[in-house]
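The next block holds one structure in the form of C-alpha cells; read it before the comments.
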Amino acid sequence: MNNRIKPKRAVSIPIFRSVGLAITCCFLLLCMACSIAGEPSAGTSHRIALITPAGTGELAEAIQLGAEAAAKEQGADLVTVEAFGTGSVSRTRDGSGAGLLLRKNERDPQWINLPQREREQAQVDAAAQALQHGATALLVDPLSEETLSNILHLAQTKSPTGNIAPVIVLNDEFPVKGITSVISMDNLEAGRKAGHAMADLLGTKGRVALLGPDLMNPGLVHREQGVKEALSEYPDLKIVPYSVCSNREVCWQATKQLMDQRRVDGIITLQESASLGAADELNRRKRSGSIKLVGFGSEQQQLEQLQEGVIQQLIVQNGFSAGYLGVNQAVARLNSSDVEPRVTLETKLVSTDNMFWMDNQKLLFPFVQ
C-alpha cells in the first residue's frame, strides 16, 4: 500500500477521507457487480465472520480492511455482520473481494444512543446470524464480558460444521475461557506512553485529570494503571480523581464540571468519545493548547482536533493489523495449525509533528491507497 499524503497545510483530513471513501465505494460497487448468492465461493472452505458494532467509525473500518486483505490471501470467505439494534445486516465477500451479498444502512445513527444491554444483545444476535449463514470462525470486538461469553456459547453449540467455531477476540482482554486468540494492544504499556507524553507536555509539573468510561473492561483498567504508573514517576505531577463518562455529550459535561471545580493543566482520556467531549469543552472555553490533551484512538474527528492543536498527542493502534492477523489466526486454527493465544499490536504516539510521516499515514489512513 502506497499512501501518498501531501503535507499538513496542503490538504485537509476530510479530503483524505473523501478520497478513501470514494475508492472504497468504487470497490464495493465492483463487488456488487460480481455478486454471488450467499454460499461460500468455489474453492474455499472457510467462511469467517467479522462481528462489528454498527457505526463505530474508522477503527472498525480499518479492522475490516485488514480482514478483507487476509481473507483474499487465504482464499477464505469473509462475512461482515454489523450489529444493528433493530436487526443485523450481513455483508459477504469472498476471498477475491467479489460477492457482496447484502448491504444497507452503512451507519445506524441510533446505535450510539441505544442502551448498553441492547447493543450487547445485538452483537450476540449478529454472531448467531453469522453462524446461521455458515460461518466456521468468528472475529469479534466484544462490548462486554457477558457478550463474549454468550458468543462463545453459540460458537460451541451452533457451529454449522458440528465442531466448535474458533472465536478470535479483537481489542479486548476479557478473562473468558474458550477464546482461540486475543489480538490487542498492550494497554498497560500504552497507558505508560500516554502518561509520559503528558509529563513531557507539562514540563513534569502540574495537575492531570483522567477521563473515560466506567472501568469495567480489563483493557481500560490496565490503560489507567499504566497512566498512573508513568505519572507517579514525576513528583510534581498531581493526579485529579478519575471522571467517568459514557459518550461524547456526557464527557463534555464531565469536563465542564471538572474545570469548573478544579485547576487542571492536562487531561488524559482513555477512549475516543472522552477525547472528543474534552475537546468540545476546551474549544468552548477557548483553552485549546493552554490545557494539554492526550488521548487514545484515531477517529477522523480526533485527527481533526489533533491538527487544530486541541489534542496534542494520540496513542494509536493498528486496526488494519488487528483484522489481518485475526483472519490469519482463524484460518490457522481451522487448518489445525499452531495459533498464538495472544498477539500484541504495536502502538504509536502521534502528534502534528509526525502524523504525516509515511509509516503513520499507513496507520492513520489505511483506507487511502
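Observations, loosely collected:
- Only aspartates and glutamates eight or more places from residue 256 in sequence, or on another chain, were considered; those with a Cα closer than 19 Å are 214, 265, 272, 280, 281.
- The trypsin sites (Lys or Arg not before Pro) of the range 230-331 that meet both conditions, a loop assignment by DSSP and at most 15 other Cβ atoms within 10 Å of the site Cβ, are 262, 263, 285, 286, 287.
- Low-density loop cleavage sites - GluC sites (Glu not before Pro) in the range 267-369, where at most 12 other Cβ are within 10 Å (DSSP): 346
- Where 46, 222 fall by accessible area, highest first, once all protein chains stay in place (1.4 Å): 222, 46
The values are calculated or read from the model by the stated rules, or taken from the named source; none is laboratory data. Source: prediction; values computed, not measured. A quick note on method: Cβ atoms are made from the backbone with ideal geometry, for glycine too, and the neighbour counts reach across all protein chains shown. Note: areas computed on protein heavy atoms with side chains; ligands, DNA, RNA excluded. Shrake-Rupley method; radii C 1.70, N 1.55, O 1.52, S 1.80 Å.
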